[in-house]
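Novice: What follows is a structure written as structure tokens; I'll ask about it next.
The values are calculated or read from the model by the stated rules, or taken from the named source; none is laboratory data. In this text the structure is predicted, and so the values were computed from the model without any measurement. Cβ: placed from backbone, ideal geometry, glycine included. Neighbour counts: every protein chain shown.
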Amino acid sequence: MTSVPKNPISPPPLGEPYLLTPGPLTTAYSVKEAMLRDWGSWDGDFRAMTAQLRADLLDLIGDTDNAFDCVPIQGSGTFVVEAMLASFLPRESKTLVLVNGAYGNRIAETLKYLGRDHTIIDKGDYLPPRATEVAAALEADPAISHVVVVHCETSSGILNPIKEISDTVYQAGCKLLIDSMSAFGALPVDVDAINYEAIVASANKCIEGVPGFGFVIGRKSELELAKGRSHSLSLDVHAQWANMNKTGQWRFTPPTHVVAAFMEALRLHKEEGGVAGRGQRYTENRDVLVKGMRDIGFETLLTEPWLSPIIVTFFNPAHAAFEFQKFYDAMKKRGFIIYPGKLTVVDSFRIGCIGHMDGAIMQQVVDAARDVLVELGVDSARPPEIALLERSKLAA
Ligand SMILES: *Cc1c(COP(=O)(O)O)cnc(C)c1O
């Protein structure tokens, strides 16, 4: 085991492929290694780890007033989004959900399950919700008390303008909840720059841990108000919070190995320079990827400033010999797992920029893509005209 090269940026061991996906993603060897020990969930050592985890995550939002607290919740990211919605939205509230992709849609669907009154602004596959339309919607319906937005909508990779939305929401006297699942840890969400009541993310995205839990970072005054609101015993954020503060423990079996791995992931995150350092590496990953793919002839769905350093959507080439499954398989054979697209209008695929990878690896991805096009007999990566027409709807 000691012969495996360590951080920074070491290749995955045992020839496993790189995951160019939005999580689970490629983790550092030392993160995997941290799972080689068993922990008693009741024991003081594990309780200390939980306390450290909560404190370290709080450090990432620059909460100098100590107004927020961090509550980890077992499960995947969707569990923690649901937990946040059920706990931070009063039962009698009305919520505006800003939708521009699968994760915004999932939030609206969750509110249906929860029986919480809501309305949506649906911008389709990828267009960003803007301040003026949010302001108009809030003015038109004074019953709306809360707004929910996705930070980076992972289904297209668009970086939604959460600062402008937050300003609008609070100017209208409403409250904001943020799904920052795929951005937290790499893009700043400092509370002195962006106002919100709660934000959620999970272990297996930009902090580069393995999947198994998520966390809500919420304003303490709102956490107090959440008592008794949740429809769900296991997803009750207030109950988990109160219990953790009282006993230092998770209410039900915690994913102990995942937490241990996450502590190592947090250590690496800090060592890299925190949110700024992580964001810088991902930005370089994206820049190498996007430039390289454009040089081959691929086109991105998004252009600056909407292109996130998290995941990039590329249009499928129009060429008759291009088939996504063949492209996927040939990329996998070269050591890279890519991701199908989620656009409804045109065919696309996605390549993630997050995970334990750097610009040199992204260059290998580009080289592999060039190689694969030759192998498939695709001599032009240009997308169909309809894709470019679609893209022209995106104003800066
Ligand atoms: C990953 C992700 C989620 C959660 O998805 P899970 O599959 O439940 O982990 C939620 N919102 C966004 C924006 C995401 O990227």
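Every residue, every condition in (1) of a type in the set (V, I, T); (2) more than 25 Å from S234 (Cβ to Cβ), yes or no:
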position: S87; (1), (2): no, no
position: V97; (1), (2): yes, no
position: L114; (1), (2): no, no
position: P129; (1), (2): no, yes
position: V150; (1), (2): yes, no
position: S156; (1), (2): no, yes
position: E164; (1), (2): no, yes
position: S182; (1), (2): no, no
position: P188; (1), (2): no, yes
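Novice: Can you tell which of L177, L187 is surrounded by fewer than 24 Cβ atoms within 10 Å (Cβ to Cβ), assigned by TED's automatic domain parsing to the domain that holds A102 and within 16 Å of the ligand (Cβ to nearest atom)? Quick ask: steps written out before the conclusion?
Specialist: On the way: L177 fails: surrounded by fewer than 24 Cβ atoms within 10 Å (Cβ to Cβ).
After applying the criteria, what remains is L187.
Novice: To continue, here is another question. Quick test of your reading of the structure: K332 fulfils all but one of (1) charged (D, E, K, R); (2) outside any loop (DSSP other than H, G, I, E, B); (3) more than 23 Å from E16 (Cα to Cα). Name the failing condition by number.
Specialist: Looking at each condition in turn, K332 falls short on (3).
Novice: If the Cβ limit is 6 Å and pairs must be 6+ apart or interchain, which residue in segment 56-82 that is over 17 Å from P188 (Cβ atoms) pairs with which residue that is near the ligand (Cβ under 8 Å from one of its atoms) and polar (S, T, N, Q)?
Specialist: The qualifying pairs are G77/S202.
Novice: Same structure, new question: Scanning segment 141-163 for residues that are under 30 Å from I338 (Cβ atoms) and in a loop (DSSP other than H, G, I, E, B), which turns out farthest from the ligand (Cβ to nearest atom)? Spell out how you get there, then give the answer.
Specialist: Taking segment 141-163 as the starting set, the residues that turn out to be under 30 Å from I338 (Cβ atoms) are 148-162.
When the remaining residues are screened for being in a loop (DSSP other than H, G, I, E, B), the result is 151, 154-157, 160-161.
Values: H151: 7, T154: 3, S155: 8, S156: 11, G157: 10, N160: 10, P161: 15 Å.
Of everything passing the filter in segment 141-163, P161 is farthest from the ligand (Cβ to nearest atom).
Novice: Quickly run through segment 372-390 and pick out the residues that are in contact (Cβ under 8 Å) with a residue 24 or more places away in the chain and among the aliphatic types (A, V, I, L, M).
Specialist: Once the filter is applied, which keeps residues that are in contact (Cβ under 8 Å) with a residue 24 or more places away in the chain and among the aliphatic types (A, V, I, L, M), segment 372-390 yields V372, L373, L376, V378, A381, I386, A387, L388.
Novice: More than 23 Å from the chain's Cα centre (by Cα), loosely packed, with under 13 Cβ neighbours inside 10 Å, among the small types (G, A, S) and modelled with pLDDT under 95: does that describe A395?
Specialist: Yes.
Here's the yes/no breakdown for (1) within 18 Å of the chain's Cα centre (by Cα); (2) acidic (D, E); (3) over 24 Å from I9 (Cβ atoms):
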{"site": "A261", "(1), (2), (3)": "no, no, no"}
{"site": "T283", "(1), (2), (3)": "yes, no, no"}
{"site": "L302", "(1), (2), (3)": "yes, no, yes"}
{"site": "L307", "(1), (2), (3)": "yes, no, no"}
{"site": "A320", "(1), (2), (3)": "no, no, yes"}
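Novice: Can you go through L85, L57 and tell me which one is of a type in the set (A, V, I, L, M) and more than 16 Å from F213 (Cβ to Cβ)?
Specialist: Details: L57 fails: more than 16 Å from F213 (Cβ to Cβ).
None of the others qualify; the one that does is L85.
Novice: One residue is enough: does segment 326-348 have a residue meeting the conditions at negative phi, touching a Lys or Arg at 6+ places or on another chain (Cβ under 6 Å) and not hydrophobic (A, V, I, L, M, F, W, C)?
Specialist: Yes.
Novice: Let me ask another. Considering each residue of segment 123-140, count those that are within 18 Å of L343 (Cα to Cα) and more than 16 Å from the ligand (Cβ to nearest atom), and give that number.
Specialist: Residues in segment 123-140 being within 18 Å of L343 (Cα to Cα) and more than 16 Å from the ligand (Cβ to nearest atom): 2 in total.
Novice: Just to be sure, is L376 of a type outside the set (G, A, S), touching a Gly at 6+ places or on another chain (Cβ under 9 Å) and either in the same structural domain as T283 (by TED's automatic domain parsing) or crowded, with 19+ Cβ neighbours inside 10 Å (or both)? Let's see the steps before the verdict.
Specialist: Details: of a type outside the set (G, A, S): yes; touching a Gly at 6+ places or on another chain (Cβ under 9 Å): no; either in the same structural domain as T283 (by TED's automatic domain parsing) or crowded, with 19+ Cβ neighbours inside 10 Å (or both): yes.
Considered against the rule, which asks whether it is of a type outside the set (G, A, S), touching a Gly at 6+ places or on another chain (Cβ under 9 Å) and either in the same structural domain as T283 (by TED's automatic domain parsing) or crowded, with 19+ Cβ neighbours inside 10 Å (or both), L376 comes out as no.
Novice: Next question. If I filter segment 190-211 down to residues being more than 10 Å from the ligand (Cβ to nearest atom) and under 14 Å from V80 (Cα atoms), which single residue comes out as farthest from the chain's Cα centre (by Cα)?
Specialist: A198
Novice: Then there's this: Only one of (1) buried (at least 17 other Cβ atoms within 10 Å of the Cβ); (2) on the phi > 0 side of the Ramachandran plot fails for R281. Which number is that?
Specialist: R281 satisfies all of (1) buried (at least 17 other Cβ atoms within 10 Å of the Cβ); (2) on the phi > 0 side of the Ramachandran plot except (2).
Novice: Can you pull out every residue in segment 377-396 that is over 18 Å from P129 (Cβ atoms) and not in a helix (DSSP H, G or I)?
Specialist: G377, V378, D379, S380, A381, R382, P383, P384, S392
Novice: Still on this structure, please answer the following. Quick check on my filter: what residues within segment 164-174 are in a helix (DSSP H, G or I) and either within 16 Å of the ligand (Cβ to nearest atom) or without any contact (Cβ under 8 Å) to a residue 24 or more places away in the chain (or both)?
Specialist: Matches in segment 164-174: I165 only.
Novice: If you check D45 against the conditions, is it farther than 20 Å from Y170 by Cβ, out of contact with any helix residue (DSSP H, G or I) (no Cβ under 8 Å at 6 or more places or on another chain) and of a type outside the set (F, W, Y)?
Specialist: On the way: farther than 20 Å from Y170 by Cβ: yes; out of contact with any helix residue (DSSP H, G or I) (no Cβ under 8 Å at 6 or more places or on another chain): yes; of a type outside the set (F, W, Y): yes.
For D45, the condition - farther than 20 Å from Y170 by Cβ, out of contact with any helix residue (DSSP H, G or I) (no Cβ under 8 Å at 6 or more places or on another chain) and of a type outside the set (F, W, Y) - is met.
Novice: Right, something else. Restricting attention to segment 66-111, which residues are within 19 Å of S155 (Cβ to Cβ), more than 14 Å from the ligand (Cβ to nearest atom) and charged (D, E, K, R)?
Specialist: The answer is none; no residue qualifies.
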